[in-house]
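Worksheet: the structure to be examined is printed underneath.
Here, each number is a calculation from the coordinates, and none is a lab measurement. Every value quoted in this text rests on a predicted model; they were computed, and no experiment measured them. In this analysis, Cβ positions are derived from the backbone assuming ideal geometry, glycine residues included, and neighbour counts consider all displayed protein chains.
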Amino acid sequence: MDILCWGFMKASSVRILQNSKNGVIIKSGDALERMGKVDCVAFDKTGTITEGRPRVTDVVALEDAAENNGAVADLIGYAAGIERGSEHPVGFSIVQYAINNDIALKSIDSFEAVAGQGVVGESDGHAVLVGNEKLMQAHNVAVSTNDTHLIGELAIQGKTPVYVALDGTLVGIIAVADVVKPTSQAAIKQLKDMNIHVAMITGDNERTAHAIAAQMDIAEVMAEVLPQDKAAHIKKLQEQGRKVAMVGDGINDAPALVQADVGIAIGTGTDVALESADIVLMQSDLMDVATAINLSKQTIRNVKQNLFWAFGYNVAGIPIACGLLYIFGGPLLNPMFAAAAMSLSSVSVLSNALRLRRFKPYS
Ligand code: ADP
Ligand code: MG
């Protein structure tokens with residue numbers, strides 16, 4: 001047991017040096033060990049594959065609603081007014097758009113955020129809904145065939161359509177789009193080259209998710225997943241016999257991070273995600289997922305080598321020190337040599353562990 005700790009300690013102290021250099025924080029030896037066995041990585045989309053700072057790209061006031069409250073300024077005024085209380089990046093983007101375009105935000109009387117759907121509130125005597133299709137369905141807001149067509153067009157461009165309804169009528173669509181992080185595509189390719197299955201789990205619109213997944217060359221997409229269901233999807237992957245790592249940044253990813261064999265949080269993510277994860281990527285770079293898997297494999301290999309050497313020295317050394325050779329007419333072991341052999345075993349284990357300093361992260 002002592003020997004085992006010794007081997008692990010030596011390799012893991014090097015690992016800590018290594019971590020700070022690569023910006024990968026591994027919270028426990030156990031997580032480090034599990035990471036090397038991972039054969040499936042599930043990514044959250046917003047804020048993980050993408051930057052998580054969406055921007056408004058299109059604002060469409062729907063024709064049949066135009067005579068009521070459909071004018072673009074009104075549409076944004078209501079939507080941004082209600083989103084002022086939201087903490088979701090989609091909400092921020094709409095408020096920012098209003099500010100940038102000098103559109104006055106309507107005052108709000110009540111506000112409620114619905115996880116995975118959007119926001120609901122009252123403003124200027126109107127019931128306002130801003131969110132996705134699920135939110136519209138939950139409030140029985142009708143979406144015409146024409147509107148569905150328009151929404152589809154926006155979604156296949158990788159934009160997230162945000163529905164805006166006033167008093168139960170769909171009055172407009174605001175499209176928001178988020179930029180993919182520069183290294184995401186290369187990182188996903190790297191993982192696939194390592195024979196790791198890659199999947200995407202997101203609360204976003206099905207078609208938007210597929211558009212981004214196609215750019216990233218990800219075949220397995222789970223879209224329109226409610227925050228509470230993300231963990232269930234991870235469990236499904238595990239039931240297929242996979243060792244799953246989940247990478248995410250949001251509060252809604254926390255249960256999935258806990259469910260996964262290894263939870264990985266993006267360094268810029270929410271505190272809840274950082275708390276729930278086993279590994280934190282300080283540079284928010286997905287390439288570090290591949291680096292962490294490789295680092296884990298090399299560290300575990302190093303620990304095993306160290307174990308072999310430390311054990312080997314002792315298996316040979318202790319019987320000799322006990323006088324094994326003397327029984328067969330050989331010499332007794334001079335304590336000076338015994339001490340030297342003892343130190344030598346430490347030196348060999350330590351030098352082997354230090355080889356990990358030459359570990360090269362992927363870039
Ligand atoms: P994700 O972070 O994976 O996109 P969420 O569960 O946070 O998932 O959100 C799911 C979807 O719900 C979003 O893609 C968006 O369409 C909608 N949504 C959530 N919050 C808001 C909001 N404040 N305003 C508008 N839409 C929202
Ligand atoms: Mg996210």
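Quarter the surface of the alpha carbon convex hull of the stretch 55-177 and you get the mean projected area, 6.5 square nanometres. Here the stretch 55-177 is treated with +1 on each Lys and Arg Cβ and -1 on each Asp and Glu Cβ, and its dipole about the Cα centre works out to around 400 debye.
Stokes-Einstein diffusion for the chain at 20 °C, viscosity 1.002 mPa s, with a Kirkwood radius from C-alpha pairs, works out to 92 µm²/s.
Sites count as exposed loop sites when they are GluC sites (Glu not before Pro), lie in a DSSP loop, and have at most 13 other Cβ atoms within 10 angstrom; the longest stretch of the chain without one is 88-363. Helix 2-22: angle to the longest alpha-carbon principal axis of the chain, degrees 0 to 90, nearest 10? Tilt of helix 2-22: around 40 degrees.
Scanning residues 5 or more positions from A260 or on other chains, none has an amide H under 5 Å from its amide H, with H placed 1.01 Å from N in the peptide plane. Positive contributions from Lys and Arg (+1) and negative ones from Asp and Glu (-1), summed over other residues with Cβ under 15 Å from the Cβ of G47, come out at -4. Sparse packing (at most 14 other Cβ atoms within 10 Å of the Cβ) combined with a DSSP loop state is found for the following chymotrypsin sites (Phe, Trp or Tyr not before Pro) in the stretch 286-331: F328. Measuring between their Cα centroids, the stretch 161-203 and the stretch 78-116 lie 21 Å from each other.
Taking the chain as the reference, fit the longest principal axis to its C-alpha atoms, fit the long axis of helix 230-239 to the helix C-alpha atoms, and give the angle between the two in degrees, 0 to 90, nearest 10. It works out to around 50 degrees. Backbone geometry of the stretch 254-264 corresponds, through the Karplus equation with coefficients 6.51, -1.76 and 1.60 at θ = phi - 60°, to 3J(HN,Hα) couplings of 4, x, 5, 4, 6, 5, 5, 5, 9, x, 10 Hz, x marking Gly and Pro. Farthest towards the positive end of the charge dipole of the chain, among the residues G29, V315, L62, is the Cα of V315, using unit charges on the Cβ of Lys, Arg, Asp and Glu. Summing Cβ point charges (Lys, Arg +1; Asp, Glu -1) relative to the Cα centre of the chain gives a dipole of roughly 2940 debye. Of all beta bridges DSSP finds with both residues in the chain, what is the antiparallel percent, to the nearest 5? For the chain, the DSSP antiparallel bridge percentage is about 65.
Considering only H126, V143, I82, the residue lying farthest towards the positive end of the dipole of the stretch 55-177 is I82, judged by Cα position with unit charges set on Cβ. Using only Cα atoms, tell me the angle between helix 206-216 and the longest principal axis of the chain; keep it within 0 to 90° and round to the nearest 10. Computed tilt is about 40 degrees. Dividing the summed helix terms, -39500 (n - 2.57) for each DSSP H run of n ≥ 4, by the number of residues in the chain produces a 222 nm estimate of -15000 deg cm²/dmol to the nearest 500.
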